[in-house]
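Peer 1: Submitted below is the structure of interest, expressed as structure tokens.
The values are calculated or read from the model by the stated rules, or taken from the named source; none is laboratory data. Please read all numbers here as calculations on a predicted model, not as lab measurements. Every residue, glycine as well, gets a Cβ built from its backbone with ideal geometry; the counts of neighbours run over all protein chains shown. For the accessible areas, the whole protein counts, side chains as well, though only heavy atoms, and no ligand, DNA or RNA atoms are used. Shrake-Rupley method; radii C 1.70, N 1.55, O 1.52, S 1.80 Å.
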Amino acid sequence: MKRLLITGAAGNLGKILREGLKGYADILRLSDISDMGEAGPNEEVVKCDLSDRAAVIDLVKDCDGIVHLGGISIEAAFDDLLQANFLGTYNVYEAARQNGVKRIMFASSNHAIGFHKRTELLDDKAELRPDSLYGVTKCYGEALASYYYDKFDVETVSVRIGSCFPEPKDRRMLATWMSPRDFISLIKAIFDAAMTGHTVMYGVSPNKSVWWNNDHAAFIGWQPQDSSEAFRADIEAKFPEEDRHDPAVIYQGGGFAARGHFED
Ligand code: NAI
Ligand code: 15L
């Protein structure tokens, strides 16, 4: 891999990859609307608003792959999501098509399927059931990825990321947690795979309690190693037992599913 572009490089996951992918590509091109500091060795830093199509087309020039993390990562006003997530993701795909980029990792989210109950085990065939306007933007991104593969051969792995943080933060994350180390190995597996077409998979570590199954994506060759079990005792001591009648506990999306419509 010569040049790998990371959008959203100033964010939580962008920072993890900036460190974790050192030496993986000849050059990491890092982009965000926010400050990313100075470029280090083998890095290029390009400030760019994803809603500016001409700027994104320039940004993607000479890149072999894209990790598309940039955008709003929580529930927000529709008009803000429209710019950053809907328009921003379209611009990334259109720039990839125009510049001949072969493969994209799209940071989808568990909130694309957050209105499924926790009693269900989901795979890539699960019905889309977004739990928020934010989740709707991720369903749209997955649809765009499917379209750009079928019509233009731009491959994507749409990863419905669970909760990628250094540690699980609550009881729900005992099921949804993905360790930063597993996230880094997932990105490498995606770009090392012989082919991906458009594949939907779940970004989750092999935790003891799981709601998602990646058997259909075994050909990607990802071998996650971590488990939230190491944190269970601490989390259970810290957070009271959950009320099984609470919508935030019934649905996979947790609070995103339980909260009302986002009012501007
Ligand atoms: P984050 O909010 O820390 O980072 C997102 C970055 O995108 C920010 O640095 C922000 O400045 C940038 N951005 C926002 N609007 C932009 C625009 N118009 N142009 C250019 N850059 C813009 O989010 P995080 O946690 O790093 O997540 C990265 C991606 O992964 C997001 O797309 C998020 O939806 C997705 N994801 C993350 C999960 C997690 O557990 N961290 C779970 C599920 C999905
Ligand atoms: C997401 O999609 C968010 O980006 C992240 O901040 C977490 O809230 C995560 O989902 C989650 O569901 O834990």
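Peer 1: Show the residue pairs meeting these rules: Cβ distance below 7 Å; 6+ apart or different chains; first residue within the stretch 29-48 and closer than 15 Å to residue 4 by Cβ and of a type in the set (S, T, N, Q); second residue open to solvent by less than 30 Å² (accessible area, probe 1.4 Å) and more than 13 Å from ligand 1 (Cβ to nearest atom).
Peer 2: Filtered contacts from the stretch 29-48: 42/28.
Peer 1: Residues 140, 147: which one is more than 16 Å from the chain's Cα centre (by Cα), assigned to a helix (DSSP H, G or I) and at pLDDT 95 or above? Walk me through it before giving the result.
Peer 2: Details: 140 fails: more than 16 Å from the chain's Cα centre (by Cα).
It is 147.
Peer 1: Here is a further query. If residue 142 passes every condition in (1) farther than 17 Å from residue 70 by Cβ; (2) in contact (Cβ under 8 Å) with a residue 24 or more places away in the chain but one, which one does it miss?
Peer 2: So residue 142 meets the others, but not (1).
Peer 1: Please list, ordered by first then second residue, the pairs with beta carbon atoms under 9 Å, 6 or more apart or interchain, first in the stretch 1-17 and at pLDDT below 95 and more than 6 Å from ligand 1 (Cβ to nearest atom), second open to solvent by 10 Å² or more (accessible area, probe 1.4 Å) and acidic (Asp, Glu).
Peer 2: Once the first residue is at pLDDT below 95 and more than 6 Å from ligand 1 (Cβ to nearest atom) and sits in the stretch 1-17, its partners that are open to solvent by 10 Å² or more (accessible area, probe 1.4 Å) and acidic (Asp, Glu) give 1/26; 1/64; 1/192.
Peer 1: Keeping to the stretch 78-123, report how many residues are in contact with an Asp or Glu (Cβ under 8 Å, 6 or more places away or on another chain) and basic (Lys, Arg).
Peer 2: 2
Peer 1: Separate question: What pairs come up if the first residue lies in the stretch 241-254 and is within 10 Å of residue 118 (Cβ to Cβ), the second is within 16 Å of ligand 1 (Cβ to nearest atom) and of a type in the set (A, V, I, L, M, F, W, C), and their beta carbons are under 6 Å apart, counting only those six or more places apart or on different chains?
Peer 2: Close Cβ pairs (under 6 Å, with a partner that is within 16 Å of ligand 1 (Cβ to nearest atom) and of a type in the set (A, V, I, L, M, F, W, C)) amount to 251/115; 251/257; 252/211.
Peer 1: Which residue, of 35, 26, 58, 52, is closer than 24 Å to residue 166 by Cα, more than 16 Å from ligand 2 (Cβ to nearest atom) and surrounded by fewer than 18 Cβ atoms within 10 Å (Cβ to Cβ)? If you could, list the steps in order and put the result at the bottom.
Peer 2: Details: 26 fails: closer than 24 Å to residue 166 by Cα; 58 fails: closer than 24 Å to residue 166 by Cα; 52 fails: closer than 24 Å to residue 166 by Cα.
One residue alone meets the criteria, 35.
Peer 1: If we only count helices (runs of 4 or more DSSP H) wholly inside the stretch 218-264, which ones have 1 or more residues that are more than 16 Å from ligand 2 (Cβ to nearest atom)? Outline the logic, then answer.
Peer 2: On the way: elements: 229-238, 247-250, 255-258.
Once the helices (runs of 4 or more DSSP H) in the stretch 218-264 are filtered for at least 1 residues that are more than 16 Å from ligand 2 (Cβ to nearest atom), what remains is 229-238.
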